[in-house]
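Have a look at the structure below, then the notes.
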Amino acid sequence: MVSITTDPIDMNAAYQYVSTDSAGAITFFFGTVRNSTNERPVERLEYEAYDRMALTKMQEIADEACQRWNVRKYVIVHRKGNLAIGDIAVLIAVSTPHRADAFDACRYIIDTLKQQVPIWKKEIFEDGQVWVDAHP
Amino acid sequence: MSNRVSVQLFGITREIVGSSALTLDLPQPGQVGELLSNLKEQYPALNGLRSLLVAVNGEYAEADQPLHPNDEIALIPPVSGG
């Protein structure tokens, strides 16, 4: 299941979704809003998504993970809009029969999402704003 | 014959252009590379980005991909999700 939402991410719903009797392992990754970048205090983040393409890419990444590893169930959900310090920006949950696949698939999904999925974040500082990684 | 395409803009490209979409007349048949060079000329700040890709109908496109008026086209500045 892949989705993009403006609402807070519900980790319990994700756990319920990936739980299955054939799984002996469930991994979660939470990407959360950090309070500083290079020691500069961050006030909040704004996320923007090209929804249609982002969902397509998220599904492609999930399909590839299912090809490579023995994935039983997965959830990939990314939040957009205004996020506060500590909020969950992205959640990846994977269930597999054995733990190695769960770790590897989860790692692959978040790493590839960060490289390929058209979602952008802007850091809002007390004295300015920066689109993350936009410039060399 | 003109080849008018519309382009969706996100993140820093939306701020550089000052709008979430624009329309552009390209030569017939226009290609992704021409779209990019045209936009970089009109909006020089686009040249300062770490990368700038074009998506056509939801897929990343190469410079020689042709563009048609009904294509869904988007500028993709460096992504930073997660």
Exercise for the section: Kindly provide the helix-only [θ] at 222 nm of chain A, computed as the sum of -39,500 (n - 2.57) over DSSP H runs of four or more divided by all residues, to the nearest 500 deg cm²/dmol? Expected result: -10500 deg cm²/dmol
Fill in the blank from the handout: Each residue of A:49-56 has, on average, a number of other protein chain C-beta atoms within 10 Å of its C-beta equal to 5
Problem - Rg and Dmax [Cα atoms of chain A; Å; Rg one decimal, Dmax integer] - result: 15.5, 51
Practice task
Note down the relative contact order for the range B:3-76 as a percent, whole number, built from C-alpha pairs under 8 angstrom at least six residues apart.
Solution key: 42 percent
Handout entry: Between the range A:74-101 and the range A:33-58, the Cα center-to-center distance that results, in Å
Key = 13 Å
Fill in the blank from the handout: For chain A, averaging the sequence separation of alpha carbon pairs under 8 Å that lie six or more residues apart and dividing by its residue count, the contact order in percent is 37 percent
Problem - Principal-axis tilt of helix B:32-42 within chain B, Cα atoms, nearest 10 degrees - result: 60 degrees
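Looking at chain B, which trypsin sites (Lys or Arg not before Pro) are DSSP coil and have at most 14 other C-beta atoms within 10 Å of their C-beta?
B:Arg50
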Handout entry: Peptide B:68-81 - average C-beta neighbours from other chains (10 Å radius)
Key = 6
Problem - Peptide A:116-123 - average C-beta neighbours from other chains (10 Å radius) - result: 6
Handout entry: Interatomic Cα distance distribution for chain B, bins of 5 angstrom, percent
Key = 3, 15, 29, 28, 17, 6, 1, 0, 0
Exercise for the section: Check cross-link reach from A:Lys121 to the aspartates and glutamates: straight Cα distance under 15 Å, and skip same-chain residues fewer than eight apart. Expected result: A:Glu43, A:Glu46, A:Glu48, A:Asp51, A:Asp87, A:Asp133, B:Glu15
Problem - Low-density loop positions, GluC sites (Glu not before Pro), the range A:58-136 - DSSP coil, at most 11 other Cβ in 10 Å - result: A:Glu126
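Laboratory data are not the source of any read-out in this text; all were calculated from the coordinates shown. Just so it is clear, the structure is predicted and the values come from calculations on it, not from any experiment. Heads up, the Cβs are rebuilt from the backbone with ideal geometry, glycines too, and the neighbour counts pull from every protein chain shown.
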